Amino acid sequence: MSIAVIVVALLAIFLAFRFITGVVKFAVILLILGAAFYFLSQGGI
């Protein structure tokens, strides 16, 4: 299940890079990474 979390996080980061510009992009990417690490630390979804 952790592979799925990583894939979803990478896809979300890619979409953020495509459609979000400026400083907000980095905030969204950090939020996505934080959520992915949270799910992985909890042992998956």
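Each reported figure results from applying straightforward, stated rules to the coordinates on display, with no laboratory input. Just so it is clear, the model here is predicted, and its values are computed rather than measured.
Side notes on the structure shown:
- Against the chain, whose longest principal axis is taken from its Cα atoms, helix 2-19 shows a tilt of about 10°.
- Helix 23-41 axis, angle to the chain major axis (alpha carbon atoms, nearest 10°): 0 degrees
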